[in-house]
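The values are calculated or read from the model by the stated rules, or taken from the named source; none is laboratory data. All figures in this text were calculated on a predicted structure; none of them were measured in a lab. Cβ coordinates were reconstructed from backbone atoms using ideal geometry, including for glycine residues, and neighbour counts include every protein chain displayed. Just so you know, the surface numbers come from the protein's heavy atoms only, side chains and all, with ligands and any DNA or RNA stripped out. Shrake-Rupley method; radii C 1.70, N 1.55, O 1.52, S 1.80 Å.
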Amino acid sequence: MSSYIVRRLLLIPITLFIITIIVFIFMRAVPGDAGQVKCGAAGSFDETCFEQVRKELGLDKSLFEQYTLWASDIVLRWDFGFSPISREHINSEIGPRVWNTGQVGLLSIVFTLLIGIPVGAISAIRSGRPIDYGLRFFAVLGLSVPNFWLATLIIIFPAVWWGTRVAPDWVGWEDPLTHLQIIAVPAFLLSLAGGATLARIVRSSMLEVLRSDFVRTSRAKGLREAAVVGRHVFRPSMIALFTIVGLQFSLVLGGSVIMESIFNIPGMGLWVISAVAGRDFIVIQGVVVFFAAWFLVITLLVDVMYAWVDPRIRY
Amino acid sequence: MAEGYWGKYWRRRVSRRRVLAGGAAVGAGAAALVAVGCGDDDDDDDAEPAAATQAAQATEAAAEATEAAAAAEEAEATEAAAAAEAEATEAPSAIQRGGTFRHQKSSQNTSLDPSVTVTDPTWTALTYSHLLGYSLVEEEAWGDAATGWEQPDATTLVFSLEDGLKFNPEAAGGRDMTSEDVAFSYSRFPTSLSELGSEVNQLQWGWMGVDRGASFDTPDATTLTINLAFPWASAIPSLGSSAMAIVAREAVEAGGGHLKDTPNAGGGAYMFDNIDDTGNTYKRNPNYRGHSSDRGRFTAEMPYIDRWEDAIVTDPSAREARLLAGDSDVLGGIDKIQAELFANEGNVQVIEGPANDHAIMELDGFKWAQHPLLREALSLSIDWEAYIDVVLDGEGIRGAPVGPAFSQVLPQDEIRELQQFDPARAKALWAQGGGDEVFPDGFVTVIATFGASTRHIEFIAQSIEENLGVPTRLEPADLANYVALATAPAGQKIWHYFIAGENSLSTIPDYNALTHYVPNGYGAIFGGVYTFDHPLSAAYPEEIIEVTNEIGTELQARYDLQGATVDPEERKQVLQDLQRYIFTNFCCVLPLPVPSVQYYAMGARLRNVPGVPDIANNASMGYRRAQNMWIEA
């Protein structure tokens with residue numbers, strides 16, 4: 001196990017290195033840069049400002065030099081660079097924004113568990129009965145309906161019908177109740193697909209366990225059904241939960257781009273959208289590398305947890 | 001080492017079994033909760049129909065009651081609105097001072113310099129004084145920094161300035177603002193174009209001829225004389241543009257020759273309080289003294305509103321929800337369907353009036369100038385009346401190079417005669433002009449990914465393909481490269497035609513769509529129609545300019561003639577002849593049909609909102625500069 005973790009840890013920087021190169025090259029391939037945005041993008045006649053911004057960003061250097069400077073700053077000084085658009089250091093921005101995105105993400109995972117486990121369990125226990133079909137229908141619905149579409153409906157309809165908004169403007173924890181109201185809606189929407197997936201996996205896992213020999217033996221011993229399910233079926237079925245929760249951590253980051261834009265949450269997602277519009281390469285690169293690192297670490301943790309909770313798994 | 005209450009838990013080894021048991025317990029608990037909620041689902045079969053019937057009856061009754069209440073409410077609301085309006089109109093004492101105007105927009109602006117930016121330029125207008133403001137609705141100019149003006153001859157304008165004008169405390173230490181500051185501010189434009197990449201159209205300032213012999217006299221601090229290089233019939237309305245802001249020389253110098261990053265460089269009624277990626281806030285300028293008298297929408301006393309906010313809200317649905325919920329005072333231009341939907345919303349007022357939009361189909365002059373038959377074929381292939389039905393929901397009129405609000409515009413019947421839809425003739429001309437050889441790969445156009453609607457572009461592309469047999473590839477562009485694609489240097493444009501529209505600067509007939517046809521307007525930078533006389537012609541090889549020089553010179557000459565024709569009747573004739581010339585030569589812009597009515601969604605609590613088309617116009621007294629607008633608490 002230890003050697004597996006070491007191997008995986010060693011793979012992270014290599015993977016990140018490849019990601020940085022891909023991100024760097026792709027960003028340079030997109031038409032327009034921060035110099036054009038900042039200086040008005042009016043043809044080729046804004047040389048002074050254009051050159052100044054490009055120099056400030058190091059865009060006047062060769063691609064190799066630009067990459068080396070950027071990557072070495074991150075590796076040696078943990079410095080993600082300076083945004084010419086917001087005039088802020090990425091490092092000082094990244095903390096609060098990760099926290100804002102993280103709050104929504106954590107809450108969405110809580111919702112995922114609260115939706116997925118009970119729905120999956122009931123569906124398995126009452127397999128083949130109307131309630132099973134009903135819950136499975138809603139699980140498929142949760143997977144099929146895009147959350148950004150639901151988000152738009154949730155934004156618009158209360159305003160049209162009752163003249164109010166379900167998610168007010170961002171206030172932070174100075175006003176805890178309003179803050180929870182703000183993050184609860186996007187978190188719930190983000191959790192729907194994960195909750196539906198989890199419900200389906202919990203259901204199939206439990207059905208598999210319910211048909212096991214040891215469950216039949218438990219019943220034969222005369223144990224009550226509640227004890228059989230609660231003690232012998234539930235626990236081994238929960239292994240899948242770790243995979244889903246781990247994946248949900250990663251999906252939250254992707255989903256945050258749209259949800260934060262719709263609900264105006266000043267997190268990583270909204271940041272990256274603004275950065276793309278402003279061709280703020282430094283921010284985009286920093287955020288993508290951060291997302292990638294996050295994903296790699298979470299995947300490793302999930303794999304380790306997986307082996308830990310299931311003795312049958314050996315690396 | 002002392003450990004707290006939680007320490008023992010941190011140190012305790014957690015077993016795999018315990019974790020699973022915990023997970024199972026949480027899951028079971030949650031399942032029980034859901035089961036309780038779902039339980040007892042097979043005992044109420046008999047009760048259900050009765051309940052359903054009762055519910056249906058209750059719903060019907062409720063619906064009736066709601067309708068009655070709604071009708072009563074509507075009647076009351078209408079009466080109340082009428083009463084409030086009458087009160088506001090008749091009794092100035094009803095004006096309420098204070099409050100915050102809550103604006104919202106999709107993205108932060110790229111420059112703070114009023115001589116550079118055209119991306120929502122009205123946002124900086126709050127922080128600057130201007131010589132005057134102009135209302136297209138009232139067809140009248142009102143003095144802002146100027147108390148009055150006279151025009152002794154065709155090329156001389158003399159302005160008297162208010163006494164005691166000051167910059168805000170952060171601009172030049174809050175010193176007095178003088179006529180020299182006005183002269184300095186207007187003199188910046190040529191440099192802003194050549195060195196700062198200004199997006200401000202040259203027609204907004206080029207008429208003064210600062211770079212062609214015009215001069216400014218400042219005999220004293222409150223007198224300014226502008227000696228134009230040539231007569232300009234629209235001089236006074238042109239000075240109303242928000243780009244004509246009065247800036248402090250010291251602020252420009254401190255900014256390295258520009259104000260792109262300098263927030264407070266003027267002496268307007270407000271100054272920036274904060275600017276960041278969530279938006280901007282504005283507070284009152286403590287040095288601002290108001291005006292010596294009420295002049296149109298300028299007030300003698302302080303403007304009524306205390307503060308302004310610009311919230312950056314990227315999602316359009318979120319912006320709409322904010323307005324509907326009463327959390328914002330502006331949504332912006334809306335279409336007819338939205339206007340109908342918003343009509344009964346308590347937090348919204350829909351401002352409606354005759355539109356003065358223009359929309360154009362810009363052809364890349366470099367590609368089209370030498371192919372008159374193909375230009376005509378292209379125009380004949382577009383079903384203009386169907387465009388009005390499909391794109392404008394039937395609420396539109398035929399567009400012309402002069403905006404529909406101006407008396408100089410050609411009559412609709414004549415436009416229909418000049419701009420026809422005739423697919424058979426279009427195909428014949430296309431074949432005669434060798435269209436398939438000239439454009440073997442079809443056309444490319446740009447489609448904005450940030451626009452509210454792309455119906456108009458898709459309609460045109462489809463119409464051309466159906467009636468001319470030439471496909472169009474739609475090249476998507478976001479805000480960052482949209483302008484860059486539009487203004488790419490001559491010979492490097494990827495598009496064959498570019499569909500654009502704006503109603504941002506439509507107070508003068510010389511501007512509006514007309515500016516896109518002439519080399520010294522958008523015609524060169526956008527349309528690629530350069531002439532050898534054009535200030536930027538030196539940037540291009542002779543063989544490129546040769547392609548468009550002939551027709552560009554003719555267009556520019558006709559345009560200059562109308563600008564120099566001060567007599568209104570004579571000017572109307574010149575302008576109408578110019579429009580006919582453009583329609584019959586199809587170069588290099590095809591005017592598109594435009595809406596006949598414009599709708600604007602604003603917060604219901606606002607009073608004295610400027611009418612359409614002034615409302616959001618950067619050249620006129622839109623809501624950003626209407627000091628007599630107020631908020632009802």
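Which ones in region A:99-135 are touching a Lys or Arg at 6+ places or on another chain (Cβ under 9 Å) and closer than 17 Å to A:Gly255 by Cβ?
A:Gly116
On the basis of being open to solvent by less than 20 Å² (accessible area, probe 1.4 Å), free of Cβ contacts under 8 Å to residues at least 12 places away in the same chain and within 14 Å of another protein chain (Cβ to nearest Cβ), does A:Ala227 make the cut?
yes
If you go through region B:284-296 one residue at a time, do you hit one that is in contact with a His (Cβ under 9 Å, 6 or more places away or on another chain) and either closer than 21 Å to B:Gly622 by Cα or within 13 Å of chain A (Cβ to nearest Cβ) (or both)? Even if it seems obvious, please write down each step before you answer.
Taking region B:284-296 first, the residues in contact with a His (Cβ under 9 Å, 6 or more places away or on another chain) are none.
No, there is no match, as no residue in region B:284-296 is in contact with a His (Cβ under 9 Å, 6 or more places away or on another chain) and either closer than 21 Å to B:Gly622 by Cα or within 13 Å of chain A (Cβ to nearest Cβ) (or both).
Looking at region A:189-212, I want the residues that are of a type outside the set (Ser, Thr, Tyr) and have a partner that is open to solvent by 10 Å² or more (accessible area, probe 1.4 Å) and outside any helix (DSSP H, G or I) with Cβ atoms under 7 Å, at least 6 apart or on another chain. Which pairs are those?
Note: pairs meeting the criteria are A:Leu207/A:Ser127.
Where residues in region A:129-144 are open to solvent by 30 Å² or more (accessible area, probe 1.4 Å) and away from every other protein chain (no Cβ under 11 Å), which of them is farthest from A:Arg203 (Cα to Cα)?
By that ranking, first place goes to A:Ser144.
Only one of these is touching a residue at least 24 places away in the same chain (Cβ under 8 Å) and away from chain A (no Cβ under 14 Å): B:Leu324, B:Leu373. Name it.
So the residue among B:Leu324, B:Leu373 that is touching a residue at least 24 places away in the same chain (Cβ under 8 Å) and away from chain A (no Cβ under 14 Å) is B:Leu373.
Kindly indicate whether B:Thr147 is at pLDDT 95 or above, closer than 30 Å to B:Val566 by Cα and more than 14 Å from chain A (Cβ to nearest Cβ).
Spelling it out, B:Thr147 is indeed at pLDDT 95 or above, closer than 30 Å to B:Val566 by Cα and more than 14 Å from chain A (Cβ to nearest Cβ).
So B:Tyr522 ticks every box in (1) open to solvent by 10 Å² or more (accessible area, probe 1.4 Å); (2) within 14 Å of chain A (Cβ to nearest Cβ); (3) in a loop (DSSP other than H, G, I, E, B); (4) within 21 Å of B:Gly563 (Cβ to Cβ) but one. Which box is left unticked?
Answer for B:Tyr522: the failing condition is (3).
What residue, of B:Ala86, B:Ala172, B:Ala154, is open to solvent by 10 Å² or more (accessible area, probe 1.4 Å) and at pLDDT 90 or above?
Just a single option satisfies the conditions, and that option is B:Ala172.
Taking the conditions exactly as written (assigned to a helix (DSSP H, G or I), among the hydrophobic types (A, V, I, L, M, F, W, C) and buried (at least 22 other Cβ atoms within 10 Å of the Cβ)), does A:Trp308 satisfy them or not?
no
What's the number of the condition A:Asp169 fails, among (1) within 9 Å of another protein chain (Cβ to nearest Cβ); (2) without any contact (Cβ under 8 Å) to a residue 40 or more places away in the chain; (3) surrounded by fewer than 21 Cβ atoms within 10 Å (Cβ to Cβ)?
(2)
Kindly evaluate B:Gly256 against the criterion of being modelled with pLDDT under 95 and either within 14 Å of chain A (Cβ to nearest Cβ) or touching a helix residue (DSSP H, G or I) at 6+ places or on another chain (Cβ under 6 Å) (or both).
The answer is yes for B:Gly256.
Here are the criteria: (1) touching an Asp or Glu at 6+ places or on another chain (Cβ under 9 Å); (2) under 30 Å from B:Glu632 (Cα atoms); (3) outside any helix (DSSP H, G or I). Tell me which single one B:Ile337 does not satisfy.
Looking at each condition in turn, B:Ile337 falls short on (3).
Is one or more of the residues making up region A:239-258 within 8 Å of chain B (Cβ to nearest Cβ), open to solvent by 40 Å² or more (accessible area, probe 1.4 Å) and in a helix (DSSP H, G or I)?
No, because not a single residue in region A:239-258 is within 8 Å of chain B (Cβ to nearest Cβ), open to solvent by 40 Å² or more (accessible area, probe 1.4 Å) and in a helix (DSSP H, G or I).
Pairs under 7 Å by beta carbon, first residue modelled with pLDDT of 90 or more in region B:259-280, partner of a type in the set (Asp, Glu) and open to solvent by 40 Å² or more (accessible area, probe 1.4 Å), six or more apart or different chains?
Filtered contacts from region B:259-280: B:Asn264/B:Glu170; B:Met271/B:Glu170.
Could you tell me whether any residue of region A:288-298 is without any contact (Cβ under 8 Å) to a residue 40 or more places away in the chain, among the hydrophobic types (A, V, I, L, M, F, W, C) and part of a helix (DSSP H, G or I)?
Applying the first criterion (without any contact (Cβ under 8 Å) to a residue 40 or more places away in the chain) to region A:288-298 yields A:291.
Keeping just the survivors that are among the hydrophobic types (A, V, I, L, M, F, W, C) gives A:291.
Then drop every residue that is not part of a helix (DSSP H, G or I), which leaves A:291.
Scanning region A:288-298 turns up at least one residue that is without any contact (Cβ under 8 Å) to a residue 40 or more places away in the chain, among the hydrophobic types (A, V, I, L, M, F, W, C) and part of a helix (DSSP H, G or I).
State all residues of region B:476-503 that are modelled with pLDDT under 75 and either assigned to a helix (DSSP H, G or I) or buried (at least 19 other Cβ atoms within 10 Å of the Cβ) (or both); if no residue qualifies, say none.
Passing the criteria: B:Leu479, B:Ala480, B:Asn503.
Please count how many residues of region B:377-400 are in a helix (DSSP H, G or I) and open to solvent by less than 40 Å² (accessible area, probe 1.4 Å).
Of region B:377-400, the ones in a helix (DSSP H, G or I) are B:377-380, B:384-390.
Then drop every residue that is not open to solvent by less than 40 Å² (accessible area, probe 1.4 Å), which leaves B:377-380, B:384, B:386-388.
Total satisfying the criteria: 8.
For region B:530-546, state whether one or more residues are among the hydroxyl-bearing types (Ser, Thr, Tyr), surrounded by fewer than 24 Cβ atoms within 10 Å (Cβ to Cβ) and at pLDDT 90 or above. Give the steps one after another, and end with the answer.
Start the filter on region B:530-546 by keeping residues that are among the hydroxyl-bearing types (Ser, Thr, Tyr), which leaves B:530-531, B:537, B:540.
Then drop every residue that is not surrounded by fewer than 24 Cβ atoms within 10 Å (Cβ to Cβ), which leaves B:531, B:537, B:540.
Still in the running and at pLDDT 90 or above: B:531.
Yes, some residue in region B:530-546 is among the hydroxyl-bearing types (Ser, Thr, Tyr), surrounded by fewer than 24 Cβ atoms within 10 Å (Cβ to Cβ) and at pLDDT 90 or above.
Tally time: how many residues in region B:259-273 are closer than 17 Å to B:Glu195 by Cβ and open to solvent by 20 Å² or more (accessible area, probe 1.4 Å)?
Counting residues in region B:259-273 that are closer than 17 Å to B:Glu195 by Cβ and open to solvent by 20 Å² or more (accessible area, probe 1.4 Å) gives 2.
Return yes when A:Gly172 is part of a helix (DSSP H, G or I), assigned by TED's automatic domain parsing to the domain that holds A:Leu253, at pLDDT below 90 and over 11 Å from B:Ala321 (Cβ atoms) and no when it is not.
Judged against the criteria, A:Gly172 is not a match.
Being away from chain A (no Cβ under 11 Å) and of a type in the set (Gly, Ala, Ser) is the filter; apply it to region B:327-343 and report the residue that is surrounded by the fewest Cβ atoms within 10 Å (Cβ to Cβ).
Per the stated criteria, the residue is B:Ala343.
Among the hydrophobic types (A, V, I, L, M, F, W, C) and not in a strand (DSSP E or B), is that true of B:Leu373?
Criteria met by B:Leu373.
Check off (1) farther than 20 Å from B:Thr178 by Cα; (2) away from chain A (no Cβ under 14 Å); (3) not basic (Lys, Arg) for B:Thr223 and give me the number that stays unchecked.
Of the numbered conditions (1) farther than 20 Å from B:Thr178 by Cα; (2) away from chain A (no Cβ under 14 Å); (3) not basic (Lys, Arg), the odd one out for B:Thr223 is (1).
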